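Engineer: Sharing a structure below in structure tokens format, with a few things to ask.
The values are calculated or read from the model by the stated rules, or taken from the named source; none is laboratory data. Since the structure is predicted, the reported quantities are computational estimates derived from the model, not experimental observations. Using ideal geometry, Cβ is built from the backbone for each residue, glycine included, and neighbour counts are taken over all protein chains shown. Remember, those area values only see protein heavy atoms, side chains included, never the ligands or the DNA or RNA. Shrake-Rupley method; radii C 1.70, N 1.55, O 1.52, S 1.80 Å.
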Amino acid sequence: MQKTVLSGNEAFARAAFEAGVQVASAYPGTPSTEILENIVQYQRIDASWAPNEKVSVEVGIGASMGGARALVTMKHVGVNVAADPLFTFAYTGVRGGFVLVAADDPEMHSSQNEQDSRHYARSAKVPMFEPADSQEALDFTRLAFDVSEKFDAPVMVRTTTRLSHSKTVVTLGQPLAELPPTGLKRDPAKFVMLPGNARKRHPVIEKNLVELADWACDQPFNRIEEGTEGIGIITAGIAYQYAREVFPEASILKLGLVNPLPKRLIREFAARFQTLYVIEELDPFIEDQVRAMGISVIGKDRVPLCGELSPGRLRQAFGVDDSSTQVETEELPPRPPNMCPGCPHRGVFYALNRLKAFVTGDIGCYTLGFMPPLSAMDSCICMGASVGNATGLAKVVSETEQPKVVAVIGDSTFLHTGINGLIDMVYNKSKATLIILDNGTTGMTGRQDNPGTGYTLKGTESYQVDLEGLCRAVGVNHVSVVDPYQMEETRLAIDTAMQTPEVAVVITRRPCVLIKHDVLEKKAPLFIDADKCTGCKACLKIGCPAIEWQPAGEGSSKGVAKVDRLLCTGCGICEQLCKFDAFGVCND
């Protein structure tokens with residue numbers, strides 16, 4: 001029984017190996033990304049990046065139809081994309097066990113909303129487990145495959161940023177010696193969801209959920225921890241850890257299965273207490289259902305509805321003295337997000353700002369184009385939305401009105417859900433412009449590969465999608481490719497596209513400065529000649545972290561800019577903005 005320390009995401013990956021998973025598919029998204037990146041080490045699992053979450057679920061469904069166990073992972077907003085096949089798959093049921101790990105992001109550390117994935121489980125009528133630490137991440141995921149096959153249903157496992165990225169001690173299990181048998185087996189009455197077949201399957205789901213809820217009342221993943229105080233707490237997931245710390249003497253009903261709820265167990269527990277708390281992160285998912293059972297509880301009237309919970313927030317919510325737990329903290333300097341030094345997107349947003357374009361943005365590193373001093377993004381909704389948003393805006397903005405509408409999207413996001421928007425642009429003769437920021441990777445989530453990079457998750461070479469050929473294939477007549485390090489060329493290309501009376505696409509192509517494949521052009525860092533610098537601050541307008549401002553001081557009559565050579569990549573964008581030839585190349 002080997003013990004080790006694993007993050008939640010590492011534990012999910014280990015669980016897939018131990019449970020005999022044969023196919024794993026995902027689209028990267030914080031906080032779920034590392035699950036697939038860790039699964040790669042288990043050679044018997046066919047693991048791959050999909051273009052989007054819907055495709056990953058469909059791949060997993062196919063594997064399950066073939067009798068294999070399949071794991072798909074995604075962040076919470078990815079479940080929105082995957083919902084269509086997931087809801088119908090709940091009707092068909094499985095052959096091989098199917099588990100979807102959904103990673104929620106309370107506090108929105110790296111997300112555009114705080115949606116609660118538990119609602120998806122209830123709405124889709126699929127079971128959902130919620131682990132509280134890495135050991136349970138492993139154990140519950142293994143169990144989820146057994147439950148999937150026992151109750152003929154896809155199963156969801158909910159994690160959160162705190163669980164996915166924190167580490168706890170884990171006892172590893174023994175992987176299955178034999179994988180489940182696979183192979184084609186025709187069963188159209190089960191898998192062809194025409195209305196006649198689907199009507200027969202719906203009662204099966206409802207019956208299975210009732211049986212599962214009753215079975216779960218007697219399972220160890222739903223457990224009562226007896227305390228000495230007359231307070232009862234119902235909780236689940238990472239919120240359990242906070243509740244246990246703040247109320248060490250309370251009796252706790254810790255739920256491992258949050259859909260369907262074990263109502264018989266909840267009633268038995270609740271009957272013992274006059275004061276009953278429900279402590280959960282985000283929505284009152286458990287609380288509302290417990291109240292609907294006629295049980296009086298204290299929940300979101302005390303526990304914050306928005307943001308991530310913590311022991312401190314719980315103590316404050318319930319008025320618990322925390323003087324013994326307070327520690328001295330130092331005020332840290334602010335660290336606003338910024339594009340990396342040498343980021344190829346920086347010059348594009350500088351140009352868009354100068355051209356006064358109305359920019360519909362998308363999800364990726366380039367969303368930071370919103371931040372000053374670039375200040376060149378006016379909207380950001382979800383992955384792929386920039387293209388459709390631009391089309392809609394262009395419909396209601398006069399052709400002579402300024403600013404012109406420009407959609408900005410990354411290469412991976414374009415392949416995720418941007419293609420359909422471009423097809424709509426062409427088909428409905430939009431006047432908007434599209435810029436595809438091709439940096440050769442899925443940058444924001446950690447530089448993963450995608451169909452546009454020419455490499456798979458396992459690092460093997462594969463077919464590389466031809467973005468300009470793809471744009472022309474859907475009917476775009478005006479496609480240009482530019483190097484975003486060439487500032488004037490980039491500005492002219494964008495300006496020309498904006499003046500084109502039909503759909504025009506500009507592809508800015510330059511590898512991410514952090515890219516892992518050996519395609520980067522190495523350049524020497526720059527320096528600034530203080531004697532030539534006039535202090536005009538033009539170079540500061542691109543917001544590069546490698547450029548510092550030194551105000552006038554003793555022995556100096558003027559402020560000057562300075563380059564941090566440890567950060568500078570030598571991209572040359574700042575040099576092109578300087579009218580006084582103050583930049584030079586470090587040759588030492």
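Engineer: Among all residue pairs at least 6 apart or on different chains, which show Cβ distances below 6 Å where the first residue, located in the stretch 555-584, is over 11 Å from Cys544 (Cβ atoms) and the second is part of a loop (DSSP other than H, G, I, E, B) and among the aliphatic types (A, V, I, L, M)?
Structural biologist: Lys558/Ala552; Gly559/Ala552; Val560/Ala530; Gly570/Ala524
Engineer: In the stretch 442-480, how many are on the phi > 0 side of the Ramachandran plot and in contact with a strand residue (DSSP E or B) (Cβ under 9 Å, 6 or more places away or on another chain)?
Structural biologist: Final tally of qualifying residues: 1.
Engineer: Residues in the stretch 173-186: is at least one part of a strand (DSSP E or B), touching a residue at least 40 places away in the same chain (Cβ under 8 Å), touching a helix residue (DSSP H, G or I) at 6+ places or on another chain (Cβ under 6 Å) and not acidic (Asp, Glu)?
Structural biologist: Within the stretch 173-186, not a single residue is part of a strand (DSSP E or B), touching a residue at least 40 places away in the same chain (Cβ under 8 Å), touching a helix residue (DSSP H, G or I) at 6+ places or on another chain (Cβ under 6 Å) and not acidic (Asp, Glu).
Engineer: Only one of (1) more than 22 Å from the chain's Cα centre (by Cα); (2) in a loop (DSSP other than H, G, I, E, B) fails for Glu114. Which number is that?
Structural biologist: So Glu114 meets the others, but not (1).
Engineer: For the stretch 201-219, check the following and say yes or no: at least one residue is in a strand (DSSP E or B) and of a type in the set (A, V, I, L, M).
Structural biologist: No.
Engineer: Any residue in the stretch 327-346 that is surrounded by 10 or more Cβ atoms within 10 Å (Cβ to Cβ) sitting within a Cβ distance under 8 Å of a residue that is basic (Lys, Arg) and in a loop (DSSP other than H, G, I, E, B)? List the pairs, counting only those 6 or more apart or interchain.
Structural biologist: Within 8 Å, the pairs are Pro344/Arg510.
Engineer: If I ask for residues that are at pLDDT below 90 and open to solvent by less than 20 Å² (accessible area, probe 1.4 Å), which ones from the stretch 516-559 would you list?
Structural biologist: Passing the criteria: only Gly559.
Engineer: If you check Val387, Val406, Val426, which single one turns out to be closer than 18 Å to Asn353 by Cα and either at pLDDT 90 or above or touching an Asp or Glu at 6+ places or on another chain (Cβ under 8 Å) (or both)?
Structural biologist: Of Val387, Val406, Val426, the one residue that is closer than 18 Å to Asn353 by Cα and either at pLDDT 90 or above or touching an Asp or Glu at 6+ places or on another chain (Cβ under 8 Å) (or both) is Val406.
Engineer: A follow-up question, please. Of everything in the stretch 380-398 that's in contact with a helix residue (DSSP H, G or I) (Cβ under 6 Å, 6 or more places away or on another chain) and free of Cβ contacts under 8 Å to residues at least 40 places away in the same chain, which residue is surrounded by the fewest Cβ atoms within 10 Å (Cβ to Cβ)?
Structural biologist: Only one residue tops the list, namely Gly388.
Engineer: Could you please give the count of residues in the stretch 106-120 that are modelled with pLDDT of 95 or more and either open to solvent by 50 Å² or more (accessible area, probe 1.4 Å) or farther than 18 Å from Ile238 by Cα (or both)?
Structural biologist: Within the stretch 106-120, residues that are modelled with pLDDT of 95 or more and either open to solvent by 50 Å² or more (accessible area, probe 1.4 Å) or farther than 18 Å from Ile238 by Cα (or both) number 2.
Engineer: Could you please find all residues in the stretch 1-36 being of a type in the set (A, V, I, L, M, F, W, C) and open to solvent by 10 Å² or more (accessible area, probe 1.4 Å)?
Structural biologist: Residues satisfying the conditions are Met1, Val5, Leu6, Phe17, Val23.
Engineer: Still on this structure, please answer the following. Do we find a residue being surrounded by 24 or more Cβ atoms within 10 Å (Cβ to Cβ) and either without any contact (Cβ under 8 Å) to a residue 12 or more places away in the chain or more than 27 Å from Gly342 (Cα to Cα) (or both) anywhere in the stretch 422-429?
Structural biologist: Yes, the stretch 422-429 contains at least one residue that is surrounded by 24 or more Cβ atoms within 10 Å (Cβ to Cβ) and either without any contact (Cβ under 8 Å) to a residue 12 or more places away in the chain or more than 27 Å from Gly342 (Cα to Cα) (or both).
Engineer: Looking at the stretch 1-17, which of the residues that are charged (D, E, K, R) and not in a strand (DSSP E or B) is farthest from Leu138 (Cα to Cα)? Before you say what the answer is, go through the steps one by one.
Structural biologist: Taking the stretch 1-17 first, the residues charged (D, E, K, R) are 3, 10, 14.
Checking which are not in a strand (DSSP E or B) leaves us with 10, 14.
On the way: Glu10: 9, Arg14: 7 Å.
Among those residues, the one meeting the criterion is Glu10.
Yes or no, residue by residue, for (1) of a type in the set (A, V, I, L, M); (2) touching a strand residue (DSSP E or B) at 6+ places or on another chain (Cβ under 8 Å); (3) under 14 Å from Pro154 (Cβ atoms):
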position: Pro31; (1), (2), (3): no, yes, no
position: Ile35; (1), (2), (3): yes, yes, no
position: Ile45; (1), (2), (3): yes, yes, no
position: Ser48; (1), (2), (3): no, yes, no
position: Asn52; (1), (2), (3): no, no, no
position: Ser64; (1), (2), (3): no, yes, yes
position: Leu71; (1), (2), (3): yes, yes, yes
position: Met74; (1), (2), (3): yes, yes, yes
position: Val79; (1), (2), (3): yes, yes, yes
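Engineer: Next question. Given (1) more than 32 Å from the chain's Cα centre (by Cα); (2) of a type outside the set (A, V, I, L, M, F, W, C); (3) at pLDDT below 95, where does Glu211 come up short, assuming only one miss?
Structural biologist: (3)
Results for (1) open to solvent by less than 10 Å² (accessible area, probe 1.4 Å); (2) within 19 Å of His165 (Cβ to Cβ); (3) outside any strand (DSSP E or B), shown as yes or no for each residue.
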| residue | (1), (2), (3) |
| --- | --- |
| Asn38 | no, yes, yes |
| Gln43 | no, no, yes |
| Lys54 | no, no, yes |
| Val59 | no, no, yes |
| Ser64 | yes, no, yes |
| Thr73 | yes, yes, no |
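Engineer: Another question, then. Filter the stretch 117-166 for residues that are within 17 Å of the chain's Cα centre (by Cα) and not hydroxyl-bearing (Ser, Thr, Tyr) and give the result.
Structural biologist: Arg118, Met156, Val157, Arg158, Arg162, Leu163, His165
Engineer: Exactly one condition in (1) closer than 25 Å to Gly183 by Cα; (2) in contact (Cβ under 8 Å) with a residue 24 or more places away in the chain is false for Gln43; which is it?
Structural biologist: With respect to (1) closer than 25 Å to Gly183 by Cα; (2) in contact (Cβ under 8 Å) with a residue 24 or more places away in the chain, Gln43 is out only on (2).
Engineer: Another question, then. So, of the residues in the stretch 466-497 that are more than 19 Å from Val406 (Cβ to Cβ) and aliphatic (A, V, I, L, M), which turns out to be surrounded by the most Cβ atoms within 10 Å (Cβ to Cβ)?
Structural biologist: Selected residue: Leu470.
Engineer: Scan the stretch 127-182 for residues that are open to solvent by less than 20 Å² (accessible area, probe 1.4 Å), over 24 Å from Thr30 (Cα atoms) and of a type in the set (A, V, I, L, M) and jot them down.
Structural biologist: Val147, Ala153
Engineer: Among the residues of the stretch 564-586, how many are open to solvent by 20 Å² or more (accessible area, probe 1.4 Å) and aliphatic (A, V, I, L, M)?
Structural biologist: Adding up the residues that qualify gives 4.
Engineer: Name the residues in the stretch 255-282 that are assigned to a loop (DSSP other than H, G, I, E, B) and among the polar types (S, T, N, Q), would you?
Structural biologist: Gln274
Engineer: Looking only at residues in the stretch 197-253 that are under 24 Å from Leu143 (Cα atoms) and among the aromatic types (Phe, Trp, Tyr), which one is surrounded by the most Cβ atoms within 10 Å (Cβ to Cβ)?
Structural biologist: Tyr240
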